[in-house]
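The structure appears right after this line, and notes come after that.
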Amino acid sequence: MARSIDLHIESTKHTGETAIAGRTGGLIQAGETVTWRAKHFGVWQNLTSKITEFGYPHSFTDEMVEGAFRSIKHRHLFYSADGKTVMKDIFHFESPVGILGRLANYLFLTRYMKRLLEQRNDVIKKAAESAS
């Protein structure tokens with residue numbers, strides 16, 4: 001479900017996010033790209049990610065190949081604990097514009113990105129639990 005383009009769109013509907021190029025529906029696969037268009041901080045932005053590592057069913061990594069950030073790398077790890085599947089996110093991003101970017105990270109961007117991931121993961125969790 002973490003690879004589902006359709007569920008991603010559902011989990012980020014508050015940003016108007018949609019897939020506009022590359023894989024635009026279904027499950028994204030190794031080596032594929034998706035270009036997202038969403039409104040963040042009142043500005044429409046495009047961001048293209050590529051699946052750069054794919055260790056099904058235990059992990060996959062997507063990395064930004066084009067967008068407003070200097071870089072984004074998002075690892076998704078899956079493991080079993082107490083008979084349940086656990087997903088762990090390792091999310092690293094670098095803002096552009098040097099010290100101004102680092103200041104934005106400190107003031108608001110890190111919290112914003114964390115909240116975006118938490119909201120997305122809550123939607124994934126609910127979808128997974130309702131499917132079982």
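Under the condition of being farther than 23 Å from residue 125 by Cα and among the charged types (D, E, K, R), the residues counted in region 5-49 number 3. Looking across 124, 72, 90, one residue alone is exposed (fewer than 12 other Cβ atoms within 10 Å of the Cβ) and either over 20 Å from residue 4 (Cβ atoms) or out of contact with any helix residue (DSSP H, G or I) (no Cβ under 6 Å at 6 or more places or on another chain) (or both). It is 90. Residues of region 52-84 that are under 18 Å from residue 17 (Cβ atoms) and aliphatic (A, V, I, L, M): 64, 65, 68, 72. Candidates in region 49-67 are the residues that are of a type in the set (Val, Ile, Thr) and surrounded by fewer than 17 Cβ atoms within 10 Å (Cβ to Cβ); of these, the one that is nearest to residue 89 (Cα to Cα) is 52.
When region 99-118 is filtered for residues that are surrounded by 14 or more Cβ atoms within 10 Å (Cβ to Cβ), modelled with pLDDT of 95 or more and out of contact with any Phe, Trp or Tyr (no Cβ under 9 Å at 6 or more places or on another chain), only 116 remains.
Residue 99 passes every criterion in (1) in a strand (DSSP E or B); (2) farther than 14 Å from residue 2 by Cα apart from (1). Restricting to region 1-49, name every residue that is within 28 Å of residue 104 (Cα to Cα), charged (D, E, K, R) and not in a helix (DSSP H, G or I). Within region 1-49, 17, 37, 39 qualify. A single member of 82, 89, 122 is in contact with a His (Cβ under 9 Å, 6 or more places away or on another chain) and over 17 Å from residue 67 (Cα atoms), and it is 89. Screening residue 44 on (1) surrounded by fewer than 12 Cβ atoms within 10 Å (Cβ to Cβ); (2) over 17 Å from residue 3 (Cβ atoms); (3) at pLDDT below 95 shows it passes everything except condition (3).
The values are calculated or read from the model by the stated rules, or taken from the named source; none is laboratory data. The structure presented is a predicted model; accordingly, all values stated were derived computationally and were not measured. Cβ: placed from backbone, ideal geometry, glycine included. Neighbour counts: every protein chain shown.
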